[in-house]
Amino acid sequence: MSDFFHGWKCKAGFVTLVISCLFMAGWLRSDSRMDTLRLNGSTWSCIVFSVDDCLWFFSDTASHSDGPLINWQARPVDQSGSPGTQISRIDRRSSRIRPMDEVETSWHWRWREFMFGSGALKDAPSLRLKFISIPYWSVVIPLALLSAYLLFNRPRSRHPKNALEAVTAEGS
């Protein structure tokens, strides 16, 4: 087993695989829970939401010195029915909490699940926000492929046989 982790490619492949698995766990968790991580600075704030198979990043430049430096919350995303109720996936998605429900966008660009732009909170129009949405699949799949390449790609021989020398040696 110690031979498996010999070399930087195998070590980097293993680290990449672990990071890919962590993002995959976040992807699966985002279907049933909304995780919110808030980082507050003296003149800035960054909020990361994990919900509906996407990572949302919001930033603003307002003063947030009254709150804690780091704050994490998790809550269920389904607002309809009791926990034991069987609801189809489409019905659940239509009744969920979404980060963009609270934002009035001034401009945005969207392609499938990717989105970025600028806007303001509906409750506080003076608070300007910048936001980015990145789907989990766009992080997990490239990391998994890179990990597979780094783990399973074997280096070429440093001294390959020269085809021309092999042919001349056979002919003599």
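The values are calculated or read from the model by the stated rules, or taken from the named source; none is laboratory data. Source: prediction; values computed, not measured. Cβ atoms come from the backbone with ideal geometry, glycine included; neighbour counts cover every protein chain shown.
Quick look at the values:
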item: Pairs, first in the same structural domain as ASP52 (by TED's automatic domain parsing) in the range 121-144, second assigned to a loop (DSSP other than H, G, I, E, B) and of a type in the set (A, V, I, L, M, F, W, C), C-beta under 7 Å, six or more apart; result: LEU121/LEU127; LEU127/ALA62
item: Unique match (being surrounded by 16 or more Cβ atoms within 10 Å (Cβ to Cβ) and among the hydrophobic types (A, V, I, L, M, F, W, C)) among ALA124, ALA120; result: ALA120
